[in-house]
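The values are calculated or read from the model by the stated rules, or taken from the named source; none is laboratory data. Source: prediction; values computed, not measured. Cβ atoms come from the backbone with ideal geometry, glycine included; neighbour counts cover every protein chain shown. Side chains are part of the model used for accessible areas, which takes the heavy atoms of the whole protein and leaves out ligands, DNA and RNA. Shrake-Rupley method; radii C 1.70, N 1.55, O 1.52, S 1.80 Å.
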Amino acid sequence: MSLEFNEAQETRTAEVLPVLPLRDVVVFPAMIFPLLIGRAATLVAVEKAMLQDRRILLVTQRDPGTEEIAPKDLFEIGVVANILQTLKLPNGLVKVLVEGVRRARVGEWIPETDCLSAFCEPLELTGDDGPEARAHMKVALRGFREYVSLNRQLPDEVLLTLSNLTDPTPVADFVIAHLPMTAVRKQEVLERTHVPDQFRLINTVLDEEIEILKIERNIEGQVRDKISRTQRNFFLQEQMRIIKKELGDETEEDFSDVIAYRKKLRKLRMPKDVRQRAEEELEKLKGMPMMSPEATVLKNYLDWLLAMPWGVTTQDRLDLTEAERILDEDHFGLRKPKERILEHLAVLARVEKIRGPILCLVGPPGVGKTSLGRSIARAMGRNFVRISLGGVRDEAEIRGHRRTYIGSMPGRIIQGMKRAGSMNPVFLLDEVDKMSADFRGDPSSALLEVLDPEQNSTFSDHYLEVDFDLSQILFITTANIRHEIPIPLQDRMEIIELHGYLHHEKMHIAKEFLLPKQMQDHGLRTDELKIAGNAMDRIISSYTRESGVRELERMMARVCRKVAKENSGTTSKTINVSPNSLHRLLGAPPHKDSQIEKGDRIGTAVGLAWTSQGGEILNIQSAVMKGKGAIQLTGRLGDVMKESAHAAVSFIRAHGGEWGVSPDFVAKCDVHFHIPEAATPKDGPSAGITLATALLSALTTTPVPADIAMTGEITLRGHVLPIGGLAEKTMAAKRAGIRKLILPAENQPDWEELDQQLRKGMNVVFAENIQDVWRELFPVKKRANRAVGSVSQEGASH
């Protein structure tokens, strides 16, 4: 049905019609279009139209996402349409088939509760019969025919329908309905009342779309030509190769890649089974088309296999004096790992071959674990390779991927060996305690074969699928926390504990290593900066609080930056740093000289703690007050430390009589334990004797000496169990000014192993049970001889 017929039958009078809002769609006159509706108000509008004369007003929404439609959400120009058919779908939606009749303007909205209705007026068009409109129409027809010929999505039948239209207005509506335009641009055409203006916009859009389609056709043609040429060359090369093979005329040029691989293979000292595997893969490659994907995968495999350092080793430096000089030159202290490396070199000087040791350096951050590995490689004259295992959670990172996967490659061990270029490098596995596992496997389990001297001589990577000898490698692993390393992995390694640096060691490192390095990095001459010894001592004690020297190095860098700024003029001067000038250069010191409270206090005892950053001082406080036996624990204590506190209370109830404590004190008293710096989490059993001591002090109102620190786990029988982190705890005590320690008797061998400088000036008491601790802290003459039947005012205040 043509538009002329429809509009001829229409009376050009205003009428009231229900309104159907459209989302992102614009319907034009003479256009038949299916709509899916589901909103309640829209369904009511369709029902009203069906009860009247099936006429409805179609108006497009300004925002397609709006659900609750108000008159302001709709455009003012729409199309009056006839409902041809409605169909209810099983999902509750209604399919409506509409046919546009004529343009209309919303004159006035009629308020109704169930749906939108409007008083609509016909929209008259101008310039429809003029020569300008017909000229534009001819241009549009030519452009649309070209557009249809280029667009495969439009059938040729569209042009047949278009040939039946003779007037400009229906031609414009038909063409615009078939162009890929946004609803906003189509609405712009719908609202234009001058027909030549409609055609101007239509022709502009046609030109743009035709140009885009031509570019697409050009790109498709280029791709098709390239594929055709590639396929043609491939088939011709295959035919030529088969013909030459049948005639016996194959030449070396036909297998240039295979010949190159064979030359490399002859130069390598591969094991027999690996060489046989390489020969088999070369035979496979020889029978493959060189342009095929399988050949590319095979060549990548051969590249990796032939790039490994088969049979290549470096000569070890067996001069122990020179090796020791290099180790001491790079690192100060670290006696144990240096001794272990020198022992290994001494054995190598006596035997031809020895399995490489597997060392695990465990210590707080910044003590030189990673850099020590590079120094060991330099001292031994070996190549050095490092991989970081922090955050690794995929087993394939260690063992590699199977060749069946796209983009597969060997694991990090094999990649590291390729970089090393020899079979006996120093191989550093950094942060071995920070691996994790997920659905892709457990990388720590894959490391078991790598770090097992009985197995690593035949290590098999999933990608290479041949045995690779790792037994000549000197493996060094590093970790911050020992108990986070899996037990089976610990069993395969020789663990060497690296303790934090002592004060005098930091002084030496800062003067001899850190300061010269930072001055060179900041472009300072040696005569521009002088740091006095007492100033360096103040920086270490008041501006840093760490086991390593990273923060100290940052302090040196800050001082160098300040000096570089002050000497940025034409003349430079020597900056002498004294303790008085540190505030100007580094600001206020963030750390106090001592963490212990001044003076002896009732209910307070000094404990020692170990963290991944080193040792810490704990001022454990207890208070006893009238109550009914409640035990309160504050300071973010972990479950183990809470259990230690309950164990301390139980022991004092059972055995506190000889120290003046009534067994039934819990029936009359509440006990409160608190450890300051409440925001910091604390856990572990080593505070047991300190908790018990603080509670006994509060119950007997006997002060505890503030210059004595203690550590040890307590049992219900009063035994003092050994603890770990002794070196770190001792350093924390020295920093805090403590000169007397109470330690478990079982830790006496560990104490004797400590560095002499660390033990110097420390008075140590070894206790087998808590009674030994209390006899040291509370001499008989100071004991309270009365039982605690009720809480005194003095005891409740502490």
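Scanning for something closer than 20 Å to ILE202 by Cα, open to solvent by 50 Å² or more (accessible area, probe 1.4 Å) and not in a strand (DSSP E or B), does region 78-98 turn up at least one residue? Looking for residues that are closer than 20 Å to ILE202 by Cα, open to solvent by 50 Å² or more (accessible area, probe 1.4 Å) and not in a strand (DSSP E or B), one finds none in region 78-98, hence no.
State all residues of region 659-671 that are assigned to a helix (DSSP H, G or I) and touching a helix residue (DSSP H, G or I) at 6+ places or on another chain (Cβ under 9 Å); if no residue qualifies, say none.
Initially, region 659-671 is screened for residues assigned to a helix (DSSP H, G or I), giving 659, 665-667.
Listed by number, the residues that qualify are TRP659, PHE665, VAL666.
Looking only at residues in region 755-767 that are free of Cβ contacts under 8 Å to residues at least 60 places away in the same chain and either open to solvent by less than 30 Å² (accessible area, probe 1.4 Å) or part of a strand (DSSP E or B) (or both), the one that is farthest from VAL720 (Cα to Cα) is MET762.
Looking only at residues in region 549-592 that are basic (Lys, Arg) and modelled with pLDDT of 85 or more, the one that is farthest from LEU498 (Cα to Cα) is LYS565.
Taking the conditions (1) farther than 18 Å from ILE476 by Cβ; (2) surrounded by fewer than 20 Cβ atoms within 10 Å (Cβ to Cβ) in turn, VAL347 satisfies each one other than (1).
Look at region 596-620: where a residue is under 15 Å from TRP774 (Cα atoms) and open to solvent by 40 Å² or more (accessible area, probe 1.4 Å), no partner that is at pLDDT 75 or above and of a type in the set (D, E, K, R) sits 6+ places away or on another chain with Cβ atoms under 8 Å.
Given the condition in a helix (DSSP H, G or I) and either at pLDDT 85 or above or closer than 26 Å to ARG482 by Cβ (or both), answer yes or no: does some residue in region 351-369 qualify? Looking for residues that are in a helix (DSSP H, G or I) and either at pLDDT 85 or above or closer than 26 Å to ARG482 by Cβ (or both), one finds at least one in region 351-369, hence yes.
Could you please let me know if SER541 is within 23 Å of THR730 (Cα to Cα), modelled with pLDDT under 85 and either of a type in the set (D, E, K, R) or part of a loop (DSSP other than H, G, I, E, B) (or both)?
no
Scanning region 257-313 for residues that are free of Cβ contacts under 8 Å to residues at least 12 places away in the same chain and of a type in the set (Phe, Trp, Tyr) yields no hits at all.
Is it the case that some residue within region 40-63 is assigned to a helix (DSSP H, G or I) and of a type in the set (Ser, Thr, Tyr)?
Within region 40-63, one or more residues are assigned to a helix (DSSP H, G or I) and of a type in the set (Ser, Thr, Tyr).
Quick check, is GLU67 open to solvent by 70 Å² or more (accessible area, probe 1.4 Å) and in contact with a strand residue (DSSP E or B) (Cβ under 9 Å, 6 or more places away or on another chain)? Answer is no for this residue. Scanning region 536-584 for residues that are more than 32 Å from the chain's Cα centre (by Cα), closer than 22 Å to GLY737 by Cα and open to solvent by 50 Å² or more (accessible area, probe 1.4 Å) returns ASP537, ARG538. Among residues of region 131-155 that are at positive phi, none has a Cβ under 9 angstrom from a residue that is in a helix (DSSP H, G or I) and open to solvent by 70 Å² or more (accessible area, probe 1.4 Å) at a sequence gap of 6+ or on a separate chain.
Restricting HIS655, HIS646 to residues that are open to solvent by 10 Å² or more (accessible area, probe 1.4 Å) and in contact (Cβ under 8 Å) with a residue 60 or more places away in the chain narrows the list to HIS655.
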